[in-house]
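Take a look at the structure below.
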Protein chains: 2
Amino acid sequence: MRTSHAGAATVPPDHVTHRPDPGRQTPGRATGASQGPADEASPGGPHGAPAPASQGARTRSQHQRRKRIVQAAAALASRGGVEAMQMRTVAERAGVALGTLYRYFPSKMDLVVAVVSEEIDLLETSIERRPPSAATPAGRAVDVLMRATRGLMREPELADALIRSLIMAEVDTPFGDRMAGLLLRVSGEGLTLGSATEEQVALAGSLGSVWVHELLEMLRGRRTYEQIQRRIEIAADRLLAGFGA
Amino acid sequence: MRTSHAGAATVPPDHVTHRPDPGRQTPGRATGASQGPADEASPGGPHGAPAPASQGARTRSQHQRRKRIVQAAAALASRGGVEAMQMRTVAERAGVALGTLYRYFPSKMDLVVAVVSEEIDLLETSIERRPPSAATPAGRAVDVLMRATRGLMREPELADALIRSLIMAEVDTPFGDRMAGLLLRVSGEGLTLGSATEEQVALAGSLGSVWVHELLEMLRGRRTYEQIQRRIEIAADRLLAGFGA
DNA sequence: GCGCAAACTAGAACAGATTCTAATCCGTGT
DNA sequence: ACACGGATTAGAATCTGTTCTAGTTTGCGC
């Protein structure tokens, strides 16, 4: 059962799959949610960081371990998709016990999310290094989205896996908001999720969801890169009209 | 392994999950895709109908059987979501053997898709019976989408399950196009997927993906009905501007 | 009435995710 | 140096989707 445990331990509970959990009811043992007295509300760095517990000693090797895990996962996923990224295999490649892997990532989805996070980090870095130069807000947004699209296209297996998981994930880490923020940032001058109007945030979010959808269609083989570009342009032109400073 | 069989048999291969299948490689036995000499390219009615083989005799009881299965599946899903809709259980409730269930629906996803199809049929029927009356194209589209939203909200478990599966499904049955067509129909006078311009189709599709995304957010508990409505209105106003006859 | 092929059935078998167990490690406080 | 608790580990055990097997049933043409 996926009844998420209350994040308790001195470990890096990197999970994100929480959900209201509307009375699941897997027969069999009904382990009451409980276990560790130790508490701590994961400070939550940028992406779900390991969040060292109280002290901070073992943290070092734990960071390494987490890194090895995500790395192994990404490697496996990049060829063969999520299916090839089997928990046993990941654990093996990362040199940790299956149980440990599950301690770091309560579910496969959490692991996938971690990998996706890294990808998004990469995109943001790329954007910083070479900001979109188009004249219009829509143009800049399209630039960013297509850049991301190209990046994902390079490893279709991984992309497919990640995008799907991303959508499926009962993620607490709003990737949607992250993309919306990114789009807002490149669209208007000093726009941010904070300073933008509710309408602007909604519109940026909408563009983001259109992009994800198109991406999905492409991965299904129903869209070519060009078609996506065209569609994103069409949507962006309307959704982001009048966003310029 | 999900290496889809070439649709061969005198049965109702209701599947839809096909995918390029980029070299899967489950170890163990590597059963060569083969088995039935009988062939037949499922005529494919509206939604993936049972598609009787050559004759047409046994079809009757098969229709019943298929109906019982989908019904059982929907019932289970409506309380407990996809997780509660276990293949074994569905087969049991429908009074068929697990093997038979798999003959009708090659994978769980196919079953889910069948259930979703019924839901969409319901929506289309509802629209016909009581067409949206708003004055603007956007208004009518919003009307339709929010009506669908309310319908899905009634059975959150089922909705969640279905929407997710729908997105995930490597469906050959483009639900997206179906929604887009529906939206086009209520937006412009004689608009249809055929008569609309490429841009219009793209825009209707975009609105559809925004809706799905918002729905997903709602199911994740990050949106209220009102928020969705507002966001859909915002997006529709821009995306469907100038759609009137 | 007989024989065949496809559809069905019951149930075993497999695979991969997730959970559980018992024993060992390791860093910290004493 | 010693005890303690959380972190790890190897591996068994569960759970559920999917596949496979062997035997039975059913509709049809002869």
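Details
- Measuring only protein heavy atoms, the 1.4 Å probe finds A:His213 accessible over about 50 Å².
- Taking every residue in B:219-225 and counting other chain Cβ atoms within 10 Å of its Cβ, the average works out to 3.
- Each peptide in A:109-122, B:117-130 receives the mean, over its residues, of other Cβ atoms within 10 Å, and ordering these scores from highest gives A:109-122, B:117-130.
- Under 15 Å, Cβ to Cβ, from A:Ser195 - net charge with Lys/Arg +1 and Asp/Glu -1: -3
- Computed from point charges on the beta carbon alone (+1 for Lys and Arg, -1 for Asp and Glu), the dipole magnitude for the stretch A:110-239 about its Cα centre is near 560 Debye.
- When the stretch B:110-239 is reduced to its Cα atoms, the Kirkwood hydrodynamic radius in Å: 14.8
- Other protein chain Cβ atoms within 10 Å, averaged over every residue that makes up B:232-242: 4
- The mean number of partner chain beta-carbon atoms within 10 angstrom of a residue's beta-carbon across peptide A:200-213 is 6.
- Where A meets B: accessible area buried, both sides, 1.4 Å probe, Å²: 3500
- Average silhouette area of the stretch B:206-245, convex hull of alpha-carbon atoms, in square nanometres: 2.8
The values are calculated or read from the model by the stated rules, or taken from the named source; none is laboratory data. Since we're looking at a predicted model, the values are computed, not measured. All Cβ positions, even for glycine, are placed from backbone atoms using ideal geometry, and neighbour counts span all protein chains on display. Surface accessibility is based on the protein's heavy atoms, side chains included, excluding ligands, DNA and RNA. Shrake-Rupley method; radii C 1.70, N 1.55, O 1.52, S 1.80 Å.
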